[in-house]
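Working notes for the structure below.
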Amino acid sequence: MKKFLSLLAVLAMVVSLCACGNNQAPAADTVQSTDDSGAETGAQTAAGVMPAIAKEDIKVGVIHITDPAEGSGYTYTHDLGIQGMQKNIGLEDSQIVRKNNVNDSDATAIENAIRECIEEGCNVIFATSWGFMDTCEALADEFPEVIFSHGTGYKSNGTNFNNYFGRIYQARYLAGIAAGLKTESNKLGYVAAMGQDNSEVTGGINAFAMGAYSVNPDCEVYVKVTNSWFDPEGETQAAQALVDLGCDVIAQHCDTPNPQTVAEQNGVWGVGYNSDMSKDAPGAVLTSVMWDWSVYYTFAVQSIIDGTWSGENYFGGMNEGLVTIAPLSDLCADGTQEAVEAARNQITKEGFNVFDGVIETNDGSTVGADGSTLSDGEITGSMNWYFKNVVVK
Amino acid sequence: MDMLIKFLVAAVGAGTPLLFGTTGEILTEKTGHLNLGVEGMMSIGACIGFMVGYYSDNFVLALCFAALSGAFSALIYAFLTVTLMANQNVTGLTLTIFGIGFANFIGIFVLNKSPEGTLKLPEKITAAMRGIHIQGVSDLPVVGELLFSYSPFVYIGIFIAIVSAYYLNHTKAGLGLKAVGENPGAADAAGIKVTRVKYLNIILGGAICGIGGVYCSMIINGGVWISDNVGGLGWIAVALVIFANWQPSMAILGSFVFGALRVLKYYIPQSIFPFPIAFYDMLPFLMTALVLVISSMRKSSRINLPASLGLNYYREER
């Protein structure tokens, strides 16, 4: 009897847990057929490779690696983008299915989450994390009528599976200008999630360092690597170590606002990432490097409705409004606004691509050639060097 | 030299949540119950403590509620494993998953209602929990920074560990507790109320873990709420119990050594020691393995592992 009772109690705990975990997932609707309406709205009117789907028949599945309500980080920003898309296009709540906390190194969990979405009638899948890539590729073959769009990777099949990412380095260059003008110790700190072998992080550090160098050639960028995409304690400790080294502006490429709160408590400044972190550390944040994913999500869903979905990879930047920096706070040095606007003009109007010409690295060699710029492939795939004022100590 | 002092200060800060978790788990394991729910109890303490602090602006009240909620979650565990004799490992793991889910659920619920889109503790509390400053003493060079500059949690943690060590080794109740963990049947025959001792100490252990949790949400995360804010520290505390050989006094040393190993990668000059970062991530666990090997080789050394750890006590089968 006691064993039975205890089993019952453990079961109750498990059930209550499930109840907590699923609170965000909308109830399953009946599966809707998309074929008829797709034909009616005139499929393949433009250069589309997939039949158009009428607005009321669109059902979007979103695969999140963590929970959108985590606070300020990666998934939160992606979900703001989904909400923005929903508003721009005018979709109903029932047309969006979210799968949260999908472990991106667990292929079975990813596959289950995507299959559940499709069973619930989703015909568009947005998968927001790197590790979802291979599963998306495989399922795109199995479900040729479903459109898969995967963030931050590089694979695509030209029809129903594409990839989307953005030129976040452009925004980091501007943030580097704000940091370079503000620093008094000429030491900028940078809490990085991953080391030199990760192009995404390393490219961001280089753009930040080049932006700072452009206004303050004496400043150096100190890098501390947590070696994890989510490590609240490690991010705090890394930021504290940078402050202890004498850094007075703490930038970050990691998920929690912890580096910014550390900066605030130590009376130094910081540059946030993902969303506007001035809400978390108003006494420290100069600006934040931000994504506006709604730009892409709106573009993608609209092109599906219009029948112009091309299946091509998307790599948007400041011109598209996909990346930007938060409005500069009052903490910024005088003249920051002008310097940032000038650089923004160079990027958006004059074709400046940050990684132009010959670039000196911190081990004495050079990258690139006069009169050319690094290709997108080199920026996203093989940036494994640091700019000359970057110090790994 | 300056960086060395800062490294030691950071090591103490990184070790403090582990100290609470380890001390709490030692008291629990001394009853013969292996509670793998440390992470969950810390999460619940982190959440309840944070929310009470957020709404009441009162540091002491937040601390009390963190301990109470940790105690309550340990009570669930104690009820299941002591009274209903459920499998300890499964119950502990369930408590971990439940605790993290519960904390995130409450966090999301409150966050969605906040007008600023963020939960940040009021300045009054952040000021109280930041480093103490004693006029004169804290200003001393080196000593002041190394001994009198920490957040109140550090002193509370060391105090609890010392009191626990005294309790375990020098009080009648503590010796009774040890007897229960070694051989509950014998303890029962000697007139010790086994069930009561188990309940009390498991709950006490949970309360200590709860305080460790609120350290995570208040100090590590700078007073801003984020999901999953304990971030796996509870699991390291479970490993540290073995490192500390079930002695609260060793837990003080162990947690600060672990803290030091965790922050080492940020403070060691990479130009002199160019090891990959992953090497430093491995160090604390390499250390645990080494301690296990060494302590099992030295036959003479007393191993304090409670003999009946993990076994439920069926009074009827005595």
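The values are calculated or read from the model by the stated rules, or taken from the named source; none is laboratory data. For clarity, every value in this text was computed on a predicted model and none was experimentally measured. Every residue, glycine among them, receives a Cβ derived from its backbone with ideal geometry; neighbour counts consider all protein chains shown.
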Just name the residue that is farthest from the chain's Cα centre (by Cα) out of those in the range A:192-210 that are farther than 16 Å from A:Y273 by Cα and in contact (Cβ under 8 Å) with a residue 40 or more places away in the chain.
A:M210
Going residue by residue through the range B:12-28, is there one that turns out to be more than 10 Å from chain A (Cβ to nearest Cβ), over 30 Å from A:D79 (Cα atoms) and surrounded by fewer than 24 Cβ atoms within 10 Å (Cβ to Cβ)?
yes
Kindly evaluate A:T261 against the criterion of being within 14 Å of chain B (Cβ to nearest Cβ), farther than 16 Å from B:T118 by Cβ and free of Cβ contacts under 8 Å to residues at least 40 places away in the same chain.
no
Given the structure, is A:F387 buried (at least 19 other Cβ atoms within 10 Å of the Cβ), in contact with a Leu (Cβ under 8 Å, 6 or more places away or on another chain) and under 26 Å from A:K187 (Cβ atoms)?
no
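May I ask you to list the residues in the range B:190-229 that are assigned to a loop (DSSP other than H, G, I, E, B), more than 14 Å from B:A103 (Cα to Cα) and either of a type in the set (G, A, S) or more than 14 Å from chain A (Cβ to nearest Cβ) (or both)? Outline the logic, then answer.
As a first pass, look at the range B:190-229 and keep what is assigned to a loop (DSSP other than H, G, I, E, B): B:190-193, B:221-223, B:225-229.
Filter once more, keeping what is more than 14 Å from B:A103 (Cα to Cα): B:190-193, B:221-223.
Across the range B:190-229, the qualifying residues are B:A190, B:G191, B:I192, B:K193, B:G222, B:G223.
Output the residue which, of all residues in the range B:115-143 that are of a type in the set (S, T, N, Q) and within 10 Å of chain A (Cβ to nearest Cβ), is farthest from A:A69 (Cα to Cα). Step through it out loud before you land on a result.
Applying the first criterion (of a type in the set (S, T, N, Q)) to the range B:115-143 yields B:118, B:126, B:135, B:138.
Going one step further and asking which of them are within 10 Å of chain A (Cβ to nearest Cβ), we end up with B:118, B:126.
Values: B:T118: 10, B:T126: 23 Å.
Going through the qualifying residues, I end up with B:T126.
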Sole miss for B:T91 among (1) at the interface with chain A (Cβ under 7 Å from one of its Cβ atoms); (2) surrounded by fewer than 24 Cβ atoms within 10 Å (Cβ to Cβ) is condition (2)
How many residues are of a type in the set (S, T, Y) and either crowded, with 16+ Cβ neighbours inside 10 Å or farther than 23 Å from A:W229 by Cα (or both) when one looks only at the range A:94-136?
4
Consider A:V191 carefully, then state whether it is within 10 Å of chain B (Cβ to nearest Cβ) and assigned to a strand (DSSP E or B).
yes
Which condition number in (1) surrounded by fewer than 17 Cβ atoms within 10 Å (Cβ to Cβ); (2) among the small types (G, A, S); (3) away from chain A (no Cβ under 11 Å); (4) not in a helix (DSSP H, G or I) is the one that B:S149 fails?
(1)
Could you say whether any residue in the range A:195-217 is over 30 Å from A:I304 (Cβ atoms) and in contact with a Pro (Cβ under 6 Å, 6 or more places away or on another chain)?
no
May I ask you to verify whether A:A178 is at pLDDT 95 or above, within 22 Å of A:V367 (Cβ to Cβ) and of a type in the set (G, A, S)?
no
Looking at this structure, is B:L175 over 30 Å from B:M3 (Cα atoms), away from every other protein chain (no Cβ under 13 Å), of a type in the set (A, V, I, L, M, F, W, C) and without any contact (Cβ under 8 Å) to a residue 24 or more places away in the chain?
yes
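Please find, among A:D141, A:D197, the residue that is part of a helix (DSSP H, G or I) and not aliphatic (A, V, I, L, M).
Values: A:D197 fails: part of a helix (DSSP H, G or I).
Of A:D141, A:D197, the one residue that is part of a helix (DSSP H, G or I) and not aliphatic (A, V, I, L, M) is A:D141.
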So B:L75, is it at pLDDT 95 or above, surrounded by fewer than 24 Cβ atoms within 10 Å (Cβ to Cβ) and among the hydrophobic types (A, V, I, L, M, F, W, C):
yes
A:F148 passes all but one of (1) at positive phi; (2) without any contact (Cβ under 8 Å) to a residue 40 or more places away in the chain; which number fails?
(1)
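Of everything in the range A:217-229 that's aliphatic (A, V, I, L, M) and over 23 Å from B:G232 (Cβ atoms), which residue is farthest from the other protein chains (Cβ to nearest Cβ)?
At the first step, the residues of the range A:217-229 found to be aliphatic (A, V, I, L, M) are A:221, A:223, A:225.
Still in the list and also over 23 Å from B:G232 (Cβ atoms): A:221, A:223.
Working: A:V221: 14, A:V223: 9 Å.
Checked the range A:217-229; the qualifying residue farthest from the other protein chains (Cβ to nearest Cβ) is A:V221.
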With in the same structural domain as A:A193 (by TED's automatic domain parsing), on the phi < 0 side of the Ramachandran plot, touching a residue at least 40 places away in the same chain (Cβ under 8 Å) and touching a Leu at 6+ places or on another chain (Cβ under 7 Å) as the only criterion, which of A:V340, A:V285, A:V271 stands out?
A:V271
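Can you tell me which residue is farthest from the chain's Cα centre (by Cα) among those in the range B:148-170 that are among the polar types (S, T, N, Q) and closer than 18 Å to B:N245 by Cβ? Walk me through how you get there before you give the answer.
First, pick out the residues of the range B:148-170 that are among the polar types (S, T, N, Q): B:149, B:151, B:164, B:169.
If we keep only those that are closer than 18 Å to B:N245 by Cβ too, we end up with B:164, B:169.
Numbers: B:S164: 13, B:N169: 20 Å.
The residue in question is B:N169.
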Any residue at all in the range A:100-116 that is under 20 Å from B:N104 (Cβ atoms), of a type outside the set (G, A, S) and in contact with a strand residue (DSSP E or B) (Cβ under 8 Å, 6 or more places away or on another chain)?
yes
Residue, nearest to B:L311 (Cα to Cα), within the range B:29-48, restricted to residues that are away from chain A (no Cβ under 14 Å) and in a helix (DSSP H, G or I):
B:E29
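Yes/no per residue for (1) within 14 Å of chain A (Cβ to nearest Cβ); (2) surrounded by fewer than 16 Cβ atoms within 10 Å (Cβ to Cβ); (3) part of a helix (DSSP H, G or I):
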position	(1), (2), (3)
B:I242	no, no, yes
B:V263	yes, no, yes
B:M287	no, no, yes
B:Y313	yes, no, no
Specify the residue that is farthest from the other protein chains (Cβ to nearest Cβ); the eligible residues are those in the range A:230-258 that are more than 21 Å from the chain's Cα centre (by Cα) and in a loop (DSSP other than H, G, I, E, B).
A:D248
Could you list all residues from the range A:343-384 that are charged (D, E, K, R) and over 28 Å from A:V191 (Cβ atoms)?
A:K349, A:E350, A:D370
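Each row is one residue, and each column tells you yes or no for (1) in contact (Cβ under 8 Å) with a residue 12 or more places away in the chain; (2) among the charged types (D, E, K, R).
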{"residue": "B:V12", "(1), (2)": "yes, no"}
{"residue": "B:E25", "(1), (2)": "yes, yes"}
{"residue": "B:F50", "(1), (2)": "yes, no"}
{"residue": "B:L61", "(1), (2)": "no, no"}
{"residue": "B:A67", "(1), (2)": "yes, no"}
{"residue": "B:A71", "(1), (2)": "yes, no"}
{"residue": "B:A74", "(1), (2)": "yes, no"}
